[in-house]
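Q: A single structure is presented below for examination.
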């Protein structure tokens, strides 16, 4: 090839792109991944702060206001009357204990049911059966919350299918009340407990179970001393869902709870019928404080990493 001949197209030099401001910024962000991540998270974190953090702050502020007894309008005079009423009133103490008791009982029931199901899914079932069970656990979440609650209202009624099953044995359905509330809430939140425990058990190496069996460990000893300690953070993660969701629920109690009340019902009543938003805000602070206290306790277990 002579000097006068033109070089083939493949050998020609490609011109560098123009150094526009946008390209400079893009190149700078490429070598600064933390700054790029900060820009990506700014919008959602800003929205989260506005929707949740600011809302909680406004709720806290409202709890220190009062309602004018003559006009019914909210007075922005700062006072501790609502907080004192909620802390010292016998009604609020009783409802608080009932709400916490229901939430704890629902959590215990869900964990007791979820553990064997999650263990079977993670360590016993075949891959095909495992996929089927995951779909089966997720399927109730496709239905509406109200549809499931009203379905249990129908099941637990005196004319429901449960009464038809129990009647030949001389038994009766529990009807509507705290028992019905606990049953319904346990059903509603069970998938939220199964999935974190299943994810935690799936990370437990099978070799540890085999080593325990080789050393003479029986099934229950292996579960108690190998599986449960490793899956404990995942179990606690599941309890966060069931406990917090039960603590703030009020719709289920209205549907199947009969005359029973929980903290959510008191908040709903004071916001609606009583038109006393400051008192409702003071009542709402109770489950918020309880949940934050529970999260502070479980934070050291590593359970929050399993959410």
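Q: Give me the distance in nm between label points sitting 7 Å out from Cα along the Cα-to-Cβ direction at residue 43 and residue 245, one decimal.
A: 3.0 nm
Q: If R₀ is 51 angstrom, what is the calculated FRET efficiency for the pair residue 158 and residue 298, using the beta carbon separation as r and rounding to 0.05?
A: Details: r = 41 Å, r/R0 = 0.80.
About 0.80, to the nearest 0.05.
Q: While we're here: Give me the extension gain from residue 128 to residue 71: residue separation times 0.36 nm, minus the current Cα-Cα distance, reported in nm with one decimal. Could you put the intermediate results ahead of the total?
A: On the way: separation 57, 0.36 × 57 = 20.52 nm, distance 6.55 nm.
In short, 14.0 nm is gained.
Q: Computed FRET efficiency, Cβ-Cβ of residue 87 and residue 138, R0 51 Å: what is it to the nearest 0.05? Mind dumping the intermediate values first?
A: Values: r = 41 Å, r/R0 = 0.81.
With a Förster radius of 51 Å, E is 0.80.
Q: Normalising by the residue count of the stretch 58-194, find the relative contact order in percent from Cα pairs under 8 Å and 6+ residues apart.
A: Working: 94 pairs, mean separation 30.8, N = 137.
Relative CO of the stretch 58-194 lands at 23 percent.
Q: To continue, here is another question. At each listed q (0.11 Å⁻¹), what is the log10 of I(q)/I(0) that the Debye formula gives for the chain modelled as equal alpha-carbon point scatterers?
A: -0.90
Q: A follow-up question, please. Calculate log10 I(q)/I(0) of the stretch 109-163 for q = 0.23, 0.29, 0.30 Å⁻¹, where I(q) comes from the Debye formula with a single equal point scatterer on each Cα and nothing for solvent.
A: Those come out to -0.92, -1.02, -1.05, one per q.
Q: Using a Förster radius of 41 Å, what is the FRET efficiency between residue 120 and residue 60 based on their Cβ-Cβ separation? Nearest 0.05, please. Write down the numbers at each step before the final one.
A: Working: r = 45 Å, r/R0 = 1.09.
With R0 = 41 Å, the Cβ-Cβ based efficiency is 0.40.
Q: Can you put 300, 23 in order, fewest other beta carbons within 10 Å first?
A: Going from least to most buried by this count: 300, 23.
Q: If you average over every viewing direction, what projected area does the convex hull of the Cα atoms of the stretch 137-250 give, in nm²? List each step's numbers first, then the result.
A: On the way: hull surface 39.2 nm².
Projected area, direction-averaged: 9.8 nm².
Q: Restricting to Cα pairs below 8 Å that are 6+ residues apart, what does the relative contact order work out to for the stretch 82-306? Please round to a whole percent.
A: Numbers: 254 pairs, mean separation 62.1, N = 225.
Answer for the stretch 82-306 is 28 percent.
Q: Label residue 79 and residue 289 with points 7 Å out from Cα along Cα→Cβ: what is the distance between them in nm?
A: 2.0 nm
Q: Report Rg (one decimal) and Dmax (nearest whole number) for the stretch 39-119, counting Cα atoms only, units Å.
A: Radius of gyration, then largest Cα-Cα span, for the stretch 39-119: 20.0, 61 Å.
Bear in mind these aren't lab numbers, they're just calculated from the coordinates by the rules spelled out. Since the structure is predicted, the reported quantities are computational estimates derived from the model, not experimental observations. Glycine also receives a Cβ, built like all others from the backbone with ideal geometry; neighbour counts cover every protein chain displayed.
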